[in-house]
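The values are calculated or read from the model by the stated rules, or taken from the named source; none is laboratory data. Just so it is clear, the model here is predicted, and its values are computed rather than measured. Please note: Cβ atoms are built from the backbone with ideal geometry, for glycine as well, and neighbour counts cover all protein chains shown.
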Amino acid sequence: MSAIENRYDFVVLYDVENGNPNGDPDAGNMPRVDPETGYGLVTDVCLKRKIRNYVETVRDGADGYRIYIKDGVPLNRSDNEGFASAGIPGAAEMKPADLQKQVKAKKDAGADVDAEVRKYLCGNFFDIRTFGAVITTAVKGALNCGQVRGPVQLGFSRSVDPILPQEITITRVAITTEADAAKKGTEMGRKYIVPYGLYRCEGYVSANLAQKTTGFSDADLELLWEAIANMFEHDRSAARGKMAVRELVVFKHDSALGNAPSWKLFERVRVERKTGVTAPRAYSDYVVTVDEENLPAGIRCQRKV
């Protein structure tokens, strides 16, 4: 499959009801908040994890659609497959110093080990083709393919309005040991929720990086849109409450380098509270408009959700 030929910019609107969209471990797992403004935040890493999980669920490890960054799977395990493809089998059993010697010997013989490892990993792992990765960490001093820039980048999400996280006290009747049962009965606990929050995330797809680096294809792009639209559907938990993607607005450029600045396109997506709504508690409390009139030359707008 050939790499994409067009640049894209996109806006995702998603909401949470009575849940914690992205807890901050440095703040007792409270929902992330900008302390100066009170607006809620969700990291790019959080959404990328959900996209990875969706692709892994629907493709189930199919050729070309494996996931590189997975819970409990060392990165070097996948890196070693790349070394084997470059003619260095058994990398997993080698000491780093010995592996570096093997890589150097291959390079001295004229082999482009960097390109071969990168090609294998990009071809087999969807998330490397999409988001990039820091790879071949075992021999990072001997390889130049260690940092692969992905064509798809997400910014931090920010809530449309300030949020007011609530601390909810809960009780726990599950006692772990006999000793605990003898000493105490019900235990108290806490969880944090956002009663309602509508979040906005802006993202970018670079055809230039896709063509030069990872080979991110049109089929990968369609899977990305599908994953974004459904990223919460197979990732339910009591902690996150009711979450849903409400809008996915995509601006397609007619060229690889783009036909208009992304910020000018993002400004065309407006979200406003309805008149009389002071404390939004549903998506219907907002009006979302996309200005599709007089788009810059070479730009097309698609609303996918």
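Of the candidates PHE232, PHE266, PHE216, the single residue that is of a type in the set (Phe, Trp, Tyr), closer than 30 Å to ALA115 by Cβ and surrounded by 13 or more Cβ atoms within 10 Å (Cβ to Cβ) is PHE216.
I'd like to check something: does segment 66-73 contain any residue that is in a helix (DSSP H, G or I) and not aliphatic (A, V, I, L, M)?
No, that holds for no residue.
Here LEU257, LEU295 are screened, and the one residue that is surrounded by 15 or more Cβ atoms within 10 Å (Cβ to Cβ) and of a type in the set (A, V, I, L, M, F, W, C) is LEU295. Exactly one residue out of PRO21, PRO35 is part of a loop (DSSP other than H, G, I, E, B), farther than 23 Å from LYS70 by Cβ and assigned by TED's automatic domain parsing to the domain that holds VAL205, and it is PRO35. Only residues that are more than 13 Å from ASP63 (Cα to Cα) and over 12 Å from the mean Cα position of the chain (by Cα) were counted across segment 117-128, and they come to 3. One residue alone among THR278, THR289 is surrounded by fewer than 13 Cβ atoms within 10 Å (Cβ to Cβ) and under 24 Å from LEU224 (Cα atoms), and that residue is THR289.
Number of residues in segment 129-151 that are more than 15 Å from ALA207 (Cα to Cα) and modelled with pLDDT of 90 or more equals 1.
Within segment 161-176, the set of residues being surrounded by 12 or more Cβ atoms within 10 Å (Cβ to Cβ) and farther than 16 Å from VAL16 by Cα comprises ILE175 only. Counting only strands (runs of 3 or more DSSP E) that fall entirely inside segment 187-305 and contain at least 1 residues that are among the aromatic types (Phe, Trp, Tyr) and either at pLDDT below 95 or touching a helix residue (DSSP H, G or I) at 6+ places or on another chain (Cβ under 8 Å) (or both), the qualifying elements are 187-205, 242-253.
Set side by side, the residues SER206, SER237 differ, and just one is surrounded by fewer than 18 Cβ atoms within 10 Å (Cβ to Cβ) and either closer than 21 Å to ARG49 by Cβ or of a type in the set (Gly, Ala, Ser) (or both), which is SER237. Inside segment 160-174, residues that are touching a strand residue (DSSP E or B) at 6+ places or on another chain (Cβ under 6 Å) and among the aliphatic types (A, V, I, L, M) make up a count of 4. Within the set VAL287, VAL271, the sole residue that is touching an Asp or Glu at 6+ places or on another chain (Cβ under 6 Å) and under 26 Å from ASN18 (Cβ atoms) turns out to be VAL287.
State yes or no: is LEU41 touching a Lys or Arg at 6+ places or on another chain (Cβ under 9 Å) and at pLDDT 90 or above? Taking the combined requirement at face value, the residue satisfies it. Filter segment 1-16 down to the residues that are surrounded by 17 or more Cβ atoms within 10 Å (Cβ to Cβ) and not β-branched (Val, Ile, Thr) and list them by number. Scanning segment 1-16 gives ALA3, ASN6, ARG7, TYR8, ASP9, PHE10, LEU13, TYR14, ASP15. Among residues of segment 151-169 that are free of Cβ contacts under 8 Å to residues at least 60 places away in the same chain, those with a Cβ under 7 angstrom from a residue that is aliphatic (A, V, I, L, M), sequence gap 6+ or separate chain, pair up as GLN166/ILE193; ILE168/ILE193; THR169/MET188. Residues in segment 261-276 that are of a type in the set (A, V, I, L, M, F, W, C) and touching a Phe, Trp or Tyr at 6+ places or on another chain (Cβ under 8 Å) were compared, and the one that is nearest to ALA210 (Cα to Cα) is LEU265. Applying the condition of being charged (D, E, K, R) and surrounded by fewer than 17 Cβ atoms within 10 Å (Cβ to Cβ) to segment 18-48 and asking which residue is nearest to PRO280 (Cα to Cα) yields ASP34.
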